1. Suppose R0 equals 22 Å. What FRET efficiency, 1/(1 + (r/R0)^6) with r the Cβ-Cβ distance, do A:ASP164 and A:VAL26 give to the nearest 0.05?
2. With a 10 Å cut-off between alpha carbons and a GNM built on chain B, which of B:ALA79, B:ALA216, B:ALA253 moves the most?
3. In Å, what is the Rg of the alpha-carbon atoms in the range B:63-165, and how long is Dmax?
4. If neighbour count is taken as other Cβ atoms inside 10 Å, put A:GLU608, A:GLU78 in order from fewest to most.
5. Quick one: if you take sqrt(5λ) for each eigenvalue of the C-alpha gyration tensor of the range B:31-114, what semi-axes come out, biggest first, whole angstrom?
6. Can you tell which of A:ALA468, A:SER580, A:VAL216 lies farthest toward the positive end of the dipole of chain A, using +1 and -1 charges on the Cβ of basic and acidic side chains (Lys, Arg; Asp, Glu)?
7. Would you mind ranking B:HIS277, A:HIS413, A:HIS65, A:HIS386 by Cβ crowding within 10 Å, fewest neighbours first?
8. Mind giving me the nanometre distance, one decimal, between the label points for A:ILE565 and A:MET1, set 7 Å out from Cα along Cα→Cβ?
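Taken together, the values in this text are just the output of simple stated rules run on the coordinates, not laboratory data. Model, not experiment: these values are computed from the prediction. Cβ sites come from the backbone with ideal geometry, for glycine too, and all protein chains shown count toward neighbours.
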Amino acid sequence: MGFIVFLILFPFLTASILAVTKNNRVRKAVVYSCSAVIVCTAAVFALTAFVKGLDAGVRYLGANHYVHIIDTLMLIVEILLMLLIVCLSIKYRKYHAGLLSVAGTVIIAWLEITGRAVSEQNHIYCDKLSVIMCLIIAIVGSLICIYAVGYMVDYHKHHKEFKDRRTFFFPMLFVFLGAMFGLVVSSNLIWIYFFWEITSISSFLLIGYTRTKEAVDNSFCALWMNLLGGLGFAVAIAYCATVLEITTLQQLVYHPVGLAILLPVSLLAFAALTKSAQLPFSKWLLGAMVAPTPTSALLHSATMVKAGVYLLIRLAPAMCGTIAGTMVSLIGGFTFLVTSMLAITVSDGKKVLAYSTISNLGLITACAGVGTTETVWAGILLILFHAVSKSMMFQAVGAVENATGSRDIEDMHGLIVRLPFLAFVMIIGIAGMFLAPFGMLISKWAALKAFVDAKNILLVLFLAFGSAATMLYWTKWLSKILACKAQTRLRRNTTSMGQWLSLASHAAMMIMLCILLPLISIKLVEPLLAQLYNIEHVSVLAPEDMVIMVVLLLLIFVIPMVSRIIVKRMTFKPNMEYMSGINQGDNRHFTDSFNQPKLMFLSNWYMEDYFGEKKIWKLSVAIAAAIIVACMGLIIGSMGGVM
Amino acid sequence: MLRTVLGIALYIIFAPFVGGLLSGLDRKITARMQGRIGPPILQPFYDVRKLINKDILLINNMQYLFAWCFVIFVIFTGALFFGGFNILLVFFVLTTAAMFFVLEATTTNSPYSVMGANREMIQMLSYEPMVLLTAVGFYVATAFTTGNGAGTFSVAQIISDSDIPNITVLPGVFFGFVFILTIKFRKSPFDLSMSHHAHQEMVKGITTELSGGMMAIIEVSHWYENVFLLGVVALFLLCNKWWSILLAIAVCAITYFLEILIDNTSARVKWENMFKHSWIVTLICGVVNIFILQMLS
């Protein structure tokens, strides 16, 4: 209990210290030490939790005097935040955001003030899933904060046109972490909603950091989409409190009557879809790229979007086999396919990462929507791997951008020669995302098997075509990094120590995750599933397959090392590239038709005629919206039948 | 266990001989179709021997690294398959191998091999869905034919559990697989990334910058790959009856002959055509076949 309170409150405390810290040195010291404290606390918390067993999940804070005070405080904060949004939306003339905020808050305030939501139940619930999420948030989130210190110094060196608002930026990062901790350990729906709204609003504020027109527009886009989801959340709470007399998430998920909870479950799932940027709500996450890189890293990996899929995983037992589950899995699978295709067509590194985030979240969403133990197993592993590798990739791209001035993949040509260490980090990240035998692939495998078992041919189709597209855009990127252009020189690496610390820890974590995968699956994820589904024992991957995975992993490490040794011993004549006899002799220029040397450059394929944003974006948004409208219509219709 | 070890050992030892012979036969039949006498059947072996004795000319040593990764992963793919392991895993490893082949070419920064590599990536995009659906097809088919509703991805169990060849319930998937096999065999009309002949607009495409001993090794690994691919074709026919082996050999021979025939009677197409057609065939043959099968079971 003490740990949980500390994890929630400490980031807020750190934030308030950082808000008054103007000096960069002091800020650095505060961020480093506080991040270290958060990581250590989370690690000790996780250790004690797993030593104790946590078999039944731990419940804290029944109805008492303190809880009442906390509830009142939360309500006050919520109303203040609403006022803030209303003011901002009037200032920037984005009235719809203000309206949505008012609507959500009014519902919650009404519930609180009329006493309909007073709960005798526990407010905090901590099980193995919460602990794992806490670990992800603490480790990945804190490393991003550490990275941000060095990055923001460089950022303001390169972008003199933006006002330095670091005293605002760093507190927001920590507020975000605190809200995420609160979200994953809360059980009371209103508490979850409170933290949910804080993450929405702080992401809005972070995206608008530069205050350019684009940033403001994109931040409001993020805001209204998330507030729409939040409104769905609020309606679900109101329904639960008034009709079902339920106040906690656990009561809802394990409710004995499946049909009664269909509406609130699907509303919550809807909120989660907006948060994890599934189609048709993907636009806000793409727009979030305008913010400085640490924001993107944070939004895409450990926080924000993970809040959405976390909620979906929690809801998975209740969604399994229902129409809400069908809606979620269809949207997820469809998003996976479409955004993987879109990722082929863009060359901006951060945008490829953004699309790949959405598509991976789509896969997790689809897994949660199907809701069997196998798919949820795959979903949780995907969350783990994705958090680490995506945060690492964003940081690496950010560091490359600071060092070379471009984040375009075409400009990363020959990065292995120019910035070898950053290139290695990227290679590990990309390998972790799609290469056999790394985690993503195993999860994909489990998902495919589960989709076939669930007889969902549409999802199988999405996965088959989507993973072909995934393979293409990662291979393209990898081949750009690894191209050895003649006479390329090593570049000065401007990456600071803090950034290195973060990048190296991520790379180490990624490799550890891959090596320890069988252990993680057996010791962490399978017991977690047993707990989530109230069953004795879960076993997903057969032991012999695990053995092959380990062999493969060894191959991936051993072959390059062995070939490295062979290469060192062998002698081969260095050769000129074949250019039909018109190589100028430096492997960089060829002789053109005027008999002049001309620089040769090579570019990737982007297939815009097939998968371009112009071609498929609007159509896919329309299809996804139609799926949601149709499914929600069906759900509401069936509820009418019940009443 | 013994079977697994035996399968892997036989594959690793004999696949290059079978693959080389197939390649020799291919050249002979092709020559006859074109009204030539053609080289002796053992010509591919002579070629490889000669290549091995030549100097290795490379642009940089990363090329060497990735080429070896490709070779080892291809052999590993086949070993997993003939060892009777999980077919989905086999295909994942195959994709990894293909990716190393692409990296081998792009790391040179040489125009023709990079163009070849780009086309190879499009080829991967084209055949990948069908390859995955083939694995799914076997899973659904075994669930259908064994009756207890539990499908399997294990190659050994696909053979031992089926009483009749799986092709009887997977005709569409089989057709789809044979269709993309043309891409994997690097046969016209889909030999976009690399042709067996150097007199084309891409020179030798993805293998342009490979030479000498390294080229010989790549050649041998393609033999390994071809034997593995024909193994997948055979898997459609194999069941727990002895006669299915004869049937499998016959169908493999017919398929291989058909591929040669198609190679000799068609011109190379543009990548758009390959991409569109293979996805359409995947959708129509593969998906519809699996869908019907799932409806029935």
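1. Values: r = 15 Å, r/R0 = 0.69.
Efficiency computed from Cβ-Cβ geometry: 0.90.
2. B:ALA253
3. Over the range B:63-165's Cα set, Rg and Dmax evaluate to 16.8, 55 Å.
4. Working: A:GLU608 13, A:GLU78 22.
Ranking A:GLU608, A:GLU78 by Cβ neighbours within 10 Å, fewest first, gives A:GLU608, A:GLU78.
5. Working: eigenvalues 145, 105, 37 Å².
Square roots of five times the eigenvalues give 27, 23, 14 Å.
6. In chain A, that residue is A:SER580.
7. Listing B:HIS277, A:HIS413, A:HIS65, A:HIS386 from fewest to most nearby Cβ atoms yields A:HIS65, B:HIS277, A:HIS413, A:HIS386.
8. Here the answer is 5.8 nm between the modelled labels.
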